[in-house]
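Just below is one structure, and these are the notes that go with it.
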Amino acid sequence: MRLLKKRICIIGSGVAGLHLAYALRNDFDITVIERQSADQIRRGRIMSTQVHFGPTRNRETRFNVPKWGEQPLIESIHITIGNQKLFVGKLKEPALSVDQRLYYWHSINDLVDKGVTFRLEKVDKEGVEVLINEFDLVIDCTGKNGPLLPFSIEEDLSPFKTPQRKCIVGYFTGIKANTPLGVGVTVLPEVGEMFEIPAVTEQGPATILFIMTIPKSDLDVFKGIKRAEEFTLKMRNTVQQFFPEIYNRIDGKNFALCDKNSFLQTALTPVVRKPYLMFKNKLVVGCGDSVFLNDPITGQGCNLSSYCAEQLYETLIEYKDSKWDVETGESYWSRTKQYVKEVTEWTNAMTKPLPEHVVQLLLRGAQEQVKANEIAEWFANPTKAYEAFTSTTTIH
Ligand SMILES: Cc1cc2nc3c(=O)[nH]c(=O)nc-3n(C[C@H](O)[C@H](O)[C@H](O)COP(=O)(O)OP(=O)(O)OC[C@H]3O[C@@H](n4cnc5c(N)ncnc54)[C@H](O)[C@@H]3O)c2cc1C
């Protein structure tokens, strides 16, 4: 007699929930609960800048997440400090940023076609208890507004009580792309950063301008801006004042937001939690931002969510025929802990002034292409960035 598949409930269909649903759907009976319909997500506000680096794209291939066809791939990272362009480092594998509104909408519809059950519901703290009774396992993937359960905070990895940056993002047309096509990173010491990111949107290719401002610095000029026209004008003036190289590539007549919802302002306080707990003798786990929330400054959130989804998948497969309990939760945490630490500590360090030995490394990148490529690779392989930041030796 064939045993019934274990039943898993995933709350939230962001990167974490979606990658888990794709990974787990053949071995388990999956139900995804999401508070917004696919169409609401598609028509809603942008949520991220979502650069998926090589390892995340390889996981997408492994788990059959839909592909995006021939798209402008991100091949490099351009580094500028102040107004000095230092170098263009080449990524080993190309990256891709697909507007999450499009990515989530498309993936939800694809999973429904593949037989995964979706329920449209906003789960609250009482509702989650009902789900814990109903399913063999509940996975909290509610993102930065979560978690729904009190996963304990890892104090060592959660040093901040307030946001370290304000995030200001717009998806624009009318900007000539940098070449070779890549993510532009401009660091303005003591003020903030600008990330220029080529992206795929429903309307076609676009350029994301992502300002991260240190609160109350000279770049902190978007306060109170709510309307699209005001936002566009403020962005144009701010780019002219602080990022002249980008301003020179703006085509005055065609510079516009891709749509009325393609801008956002947000700020978040990073916090890392132990991603499992026992609730009335049953294991509950968390994955993605609900338990591992970092500042977006290093562009790791989607990549870390996807990484942890894969590790959770491996854990659940390993324990497929056992009772899921503390040991299962601890196994998942021990698989992810070191990587979460590396991403988190590198990211937290990036919100501070760059240490002198890192500045020296960047200057070496300007001299040697091999170094420049190694530094570009930090974003795809944050372990390398962590090693560079925590080592005090400059010459490797
Ligand atoms: C401005 C900005 C820029 C960023 N840029 C990058 C980048 O370049 N690269 C990168 O890797 N990361 C980036 N990130 C981070 C990245 O967007 C997140 O880490 C990633 O989306 C997290 O995925 P998730 O699935 O955990 O959460 P989310 O993507 O937030 O998804 C959570 C889902 O859960 C649903 N949900 C929430 N609560 C409930 C509930 N109670 N009931 C039912 N459903 C619920 C939500 O509707 C949502 O669909 C950025 C973040 C920000 C804010």
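With respect to (1) crowded, with 22+ Cβ neighbours inside 10 Å; (2) at negative phi, the lone exception for residue 192 is condition (2).
For every residue, the table says whether it meets (1) within 14 Å of the ligand (Cβ to nearest atom); (2) under 24 Å from residue 350 (Cα atoms); (3) surrounded by fewer than 24 Cβ atoms within 10 Å (Cβ to Cβ); (4) polar (S, T, N, Q).
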| site | (1), (2), (3), (4) |
| --- | --- |
| 217 | no, yes, yes, yes |
| 227 | no, no, yes, no |
| 239 | no, yes, yes, no |
| 243 | no, yes, yes, no |
| 250 | no, no, yes, no |
| 255 | no, no, yes, no |
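Of the residues making up segment 60-77, at least one is within 14 Å of the ligand (Cβ to nearest atom) and either open to solvent by 20 Å² or more (accessible area, probe 1.4 Å) or under 30 Å from residue 321 (Cβ atoms) (or both). For segment 73-139, the strands (runs of 3 or more DSSP E) that sit wholly inside it and include 2 or more residues that are among the aliphatic types (A, V, I, L, M) are 74-81, 84-97. Selection within segment 293-332: residues that are touching a residue at least 12 places away in the same chain (Cβ under 8 Å) and part of a loop (DSSP other than H, G, I, E, B). The member of this set that is nearest to the ligand (Cβ to nearest atom) is 299. If you go through segment 159-181 and keep only what is within 13 Å of the ligand (Cβ to nearest atom), open to solvent by less than 50 Å² (accessible area, probe 1.4 Å), of a type outside the set (A, V, I, L, M) and assigned to a strand (DSSP E or B), you end up with 167, 170, 171.
Only one of the numbered conditions (1) touching a Leu at 6+ places or on another chain (Cβ under 9 Å); (2) away from the ligand (no atom under 16 Å from the Cβ); (3) over 21 Å from residue 27 (Cβ atoms) is violated by residue 337, and that is (1).
The values are calculated or read from the model by the stated rules, or taken from the named source; none is laboratory data. This structure is a prediction, so every number in the text was calculated from the model and none was measured. Glycine gets a Cβ as well: all are built from the backbone with ideal geometry, and neighbour counts include every protein chain shown. Calculation scope for accessible area: heavy atoms of the full protein, side chains included, ligands and nucleic acids excluded. Shrake-Rupley method; radii C 1.70, N 1.55, O 1.52, S 1.80 Å.
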